[in-house]
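Read-outs throughout are calculated quantities, based only on the coordinates presented, and are distinct from any laboratory measurement. Note that the structure is a prediction, hence the values are computed from the model and not measured. Please note: Cβ atoms are built from the backbone with ideal geometry, for glycine as well, and neighbour counts cover all protein chains shown.
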Amino acid sequence: MSEPLIRMDNVSKFYGRIQALENVSFTVNEREIVGLLGDNGAGKSTLIKVLSGAVPLTSGSIYVRGKKVEMKSTTDAIAAGIETIYQDSALVTQLSIARNLFLGREPIKGPRFLNRMDDEMMNQVARDLLKQVGISKNIPPETPIGSLSGGERQAVAIARAMHFESDLIILDEPTNNLGVAETQGVLRFVRGARDSGHSCIFIAHNIHHVFQVVDRIVVMRRGKVVADDIDPKKTTVEAVERVITGMSDEELAHALGPNTH
Amino acid sequence: MLRRLIARPEFGPFILLALELFVFWAINPEFLSPLNIGNTLAFTVELGLIALAMTLLMTSGEFDLSVGSVFGFTPVLMWTFVNGGMMPMEIGFIIAIVTAALIGLVNGWFVTKLKIPSFLVTLGMLLVVRGTALFITNGFPQRTWDAGGHWLAEVLVGDFYVGPFRIYMSLFWFIAAVIILGYVLNRTRVGNWIQAAGGNPGAARARGVKVDRTKVALFILCSTLAGFAGIISSVRTSAANPNSGMGYELEVIAMVVIGGTALTGGRGTIIGTVLGIFILRVMRNGIVLIGVPGLAYNIFIGAIILGMMALHSWLERRHHAGT
């Protein structure tokens, strides 16, 4: 069997004396959407922060396509092909769509010492990307992000990850505070990302949203992975909710079938 | 088209400046005389140089209260060396400017590494720098008239006439700073980083933007231009007074915010700052010319700041509501 896209082996993380992650092993395969679920304090955010380079791990290893990588900063994660889209979309509301898309990797036009951004090229790419992620309204790429709706901002963040050929897109609560139509739009973007060859980790409190889009569900509780191969097609929302809140092994096996660890 | 024009942050300051010019000219036509224009420009561009650098720093979400002290200290340091015969004027100039840059570096280091708000760091630096200037001079001004005819003095602040207008070289330095800093803010990658650092530093960092390095560079720029402006002023007035530049920090910040740069960072405009500079300097000059007591100046400035803030806030809300 080929190497998974991402493999975390026995990753632990301490904040001072508090252990946020305990020997977590976790994989994401190519072209797979993994739903990461857990109650508040389960360790989801810490796991994502470690994977996105926002905080260093205490022990354990991370592999990308079988190759060990060091995640010392978000720049390392981006270089390894991992893009994280946070709740606030990590966008700058004052900047235009195009300038947000290329923030940190702006193309240069003319002599390098002039440091001049290629606005024309950025606007053209932004126009194409907006169409690609399904924003049907004719929004000029010069529009400030602050003028867009929540769903449109998520779409821009996803478009950015797709454009820069990120192998793994981590979506942290992307449907929070969105209306029904906008949520459906975001879920459509996520499926589109998978269809174009990207993998995703999808974190959401609303399990119904997770069920609509993911291939596999991983559940965390108290810093540990308690189930990592739940097939949303073969189980129910109620069963997964019981796993999140905690139950006995017998109850777990009964609720989820043989795939559960 | 008209709606887009009105929505621009520079629109309000532009109308205000036009109004000011018209009212002062209507009351006293001497206001637009070549002599008055030349005098106003000479001082305006010195303060303006600091305001331009402050625009970039404020766009990045920080500000610098020590610029007035650096404006006073840098020429004092330079002329202490030069008058004492320790070094030629060129070397004194370089050492003074490098010292100003180091003050900016220290400000930036405290703000970005120790995570202390720029208000507190630069307030402390304001006192340290002013105190140093007073200490090394015993509070007395340094003479600078030895500069007369020196090539560096001519380059910095030499004057010539264009028709009836007396033009100082400092005007060209100001124009160069407007062009270069306007280009940097609006057209370059660095400009994008400056706006991102002020708008959402977390997002900028997540994208690999070196937010701290950008801010430190802007603190250095601010202090350097404040020192440069101080030296220009000292040569023009033939005095390096350790007390000069007192209160400039607030006037400069007022110029920047009146022009439409957000005090909270993320949005800045060099053209707006140029308008803000002229709004305040024209006001100072104009109210004297039309006979209003100079002591009433601050009433007008305060009213302008409040009025422009209300206008910018209204335009901002209208802009977001309309989309």
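Relative protection proxy for B:203-209, A:98-104, A:126-132, B:311-317, from highest mean packing down: A:98-104, B:203-209, A:126-132, B:311-317 (other beta-carbon atoms within 10 angstrom). Comparing A:Leu51, A:Leu148, A:Leu91 in a Gaussian network model of chain A (Cα springs below 10 Å), the most mobile by mean-square fluctuation is A:Leu148.
Most fluctuating residue of B:Gly307, B:Gly191, B:Gly158 in a GNM of chain B with Cα springs under 10 Å: which is it? Ranking B:Gly307, B:Gly191, B:Gly158 by mean-square fluctuation puts B:Gly307 first.
Ordering B:Val190, A:Val24, B:Val70 by the number of other Cβ atoms within 10 Å of each residue's own Cβ, fewest first, gives B:Val190, A:Val24, B:Val70. Most mobile of A:Ile62, A:Ile244, A:Ile18 per a Gaussian network model of chain A (Cα springs, under 10 Å)? Maximum among the listed residues: A:Ile18. All other residues whose Cβ lies under 10 angstrom from that of B:Ser118 are scored, Lys and Arg at +1 and Asp and Glu at -1, for a net of -1.
Full extension of the chain between B:Val288 and B:Val98 yields a length gain of 64.6 nm, computed as 0.36 nm times the residue separation minus the alpha carbon distance. Summing charges over neighbours of A:Gly192, with a neighbour being any other residue whose Cβ is under 13 Å away from its Cβ, gives +4 when K and R count +1 and D and E count -1. Counting Cβ atoms of other protein chains within 10 Å of each Cβ in A:94-101 and taking the mean gives 4. In a simple Cβ point-charge model (Lys, Arg +1; Asp, Glu -1; nothing else charged), the range A:147-226 has a dipole of about 320 debye relative to its Cα centre. Computed from point charges on the beta carbon alone (+1 for Lys and Arg, -1 for Asp and Glu), the dipole magnitude for the protein assembly as shown about its Cα centre is near 260 Debye.
In straight-distance terms, cross-link reach from B:Lys215 covers every one of the lysines whose alpha-carbon lies under 29 Å from its own, apart from those fewer than eight places away in the same chain; here that gives A:Lys49, A:Lys72, A:Lys109, B:Lys113, B:Lys115. Charges were assigned to the Cβ only: +1 to each Lys and Arg, -1 to each Asp and Glu. The resulting dipole of chain B about its Cα centre is roughly 1180 debye. Each other residue within a Cβ distance under 13 Å of B:Ile301 adds +1 if Lys or Arg and -1 if Asp or Glu, for a net charge of 0. Peptide B:192-205 shows a mean partner chain C-beta count of 6 within 10 Å per residue C-beta. If R0 equals 35 Å, the separation of the Cβ atoms of B:Arg8 and A:Ser196 corresponds to a calculated FRET efficiency of about 0.35.
What FRET efficiency comes out for B:Trp109 versus B:Phe172 if R0 is 30 angstrom and r is the Cβ-Cβ distance? Round to the nearest 0.05. With a Förster radius of 30 Å, E is 0.35. Of B:Trp79, B:Trp25, B:Trp173, the sequence from fewest to most neighbouring Cβ atoms within 10 angstrom is B:Trp25, B:Trp173, B:Trp79. Positive-end ranking of A:Val125, A:Thr84, A:Met8 along the dipole of chain A, with charges on Cβ about the Cα centre, is headed by A:Val125.
Look at the stretch B:206-219: the mean tally of other chain Cβ atoms within 10 Å of its residues' Cβ atoms is 3. Exposure proxy ranking for A:His208, A:His198, based on other Cβ atoms within 10 angstrom of each Cβ and starting from the fewest, stands as A:His208, A:His198. Based on Cα contacts under 8 Å between residues 6+ apart, the range A:113-247 shows a relative contact order of 17 percent.
Determine the shape class of chain B: with a ≥ b ≥ c the square roots of the Cα gyration tensor eigenvalues, call it rounded for a/c under 1.5, and otherwise prolate if a/b is greater than b/c, oblate otherwise. Don't skip to the answer; put the middle values down first.
Numbers: a/c = 1.82, a/b = 1.13, b/c = 1.61.
Here chain B falls in the oblate category.
If you build the convex hull over the alpha carbons only and average its shadow over all orientations, what do you get for chain A? Give it in nm² to one decimal. The partial results should precede the final answer.
On the way: hull surface 61.4 nm².
That works out to 15.3 nm², a quarter of the Cα hull's surface.
The slack between A:His205 and A:Asn138, meaning 0.36 nm per residue of separation minus the straight C-alpha distance, is 20.9 nm. What is the range B:56-114's relative contact order, in percent, from Cα pairs under 8 angstrom and six or more apart in sequence? Across the range B:56-114, relative contact order equals 26 percent.
Using C-alpha pairs under 8 Å with a sequence gap of at least 6, the mean separation divided by the residue count of chain B gives a relative contact order of 35 percent.
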